[in-house]
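Notes follow once the structure below has been shown.
FYI, it's all coordinate maths here, none of it is from the lab. No experiment lies behind these values; they were computed from the predicted model shown. Because the Cβ atoms are built from the backbone with ideal geometry, glycine has one as well, and the counts that use them run over all protein chains shown.
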């Protein structure tokens with residue numbers, strides 16, 4: 001099982017803050033979006049595909065081509081800045 005978590009505006013756009021998906025071997029974070037698409041209506045899925053969305057795997061910042069493992073938690077984060 002893979003847990004997808006959405007934060008801030010991304011949770012609003014997705015219509016939820018957490019979804020669980022069946023694990024499939026060889027799935028990357030980018031391919032996970034294809035698995036999420038039937039469960040998240042537009043414009044939410046379109047927002048997640050935007051290149052400024054940040055990604056974490058098990059609370060560590062990660063690249064979109066990272067391969068996922070069973071039990072991973074994938075976080076989708078909006079861009080942020082500090083001041």
* **Distance (nanometres) between label positions extended 7 Å along Cα→Cβ at residue 51 and residue 34** => 2.1
* Structure fact -> Distance in nm between residue 12 and residue 58 label points, each 7 Å along Cα→Cβ, equals 3.3
* **Rounded FRET efficiency, nearest 0.05, which uses the C-beta distance separating residue 80 from residue 23 and R0 of 41 Å** => 0.90
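Would you mind ranking 57, 2 by Cβ crowding within 10 Å, fewest neighbours first?
Result, fewest neighbours first: 57, 2.
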* Taking the chain as a Gaussian network, where each spring joins two C-alpha atoms under 10 Å apart, which residue of 44, 15, 26 fluctuates the most? -> 26
* Asked: What list do you get for 60, 74 if you sort them by fewest beta carbons within 10 Å?
  -> 60, 74
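Step by step: find N for the chain, compute 2.2 N^0.38 Å, then divide the Cα radius of gyration by it. What's the final number?
For the chain, the normalised Cα radius of gyration comes out at 1.00.
Helix-derived [θ] at 222 nm for the chain: sum -39500 (n - 2.57) over DSSP H runs of at least 4, divide by residue count, nearest 500?
Calculated mean residue ellipticity at 222 nm is -5500 deg cm²/dmol.
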* **DSSP beta bridge pairing in the chain, given as percent antiparallel to the nearest 5** => 75
* Residue order, fewest to most surrounding Cβ atoms within 10 angstrom, among 23, 6, 80 -> 80, 23, 6
* Asked: For the range 2-77, what's the relative contact order in percent, using C-alpha pairs closer than 8 Å and at least 6 residues apart?
  -> 44
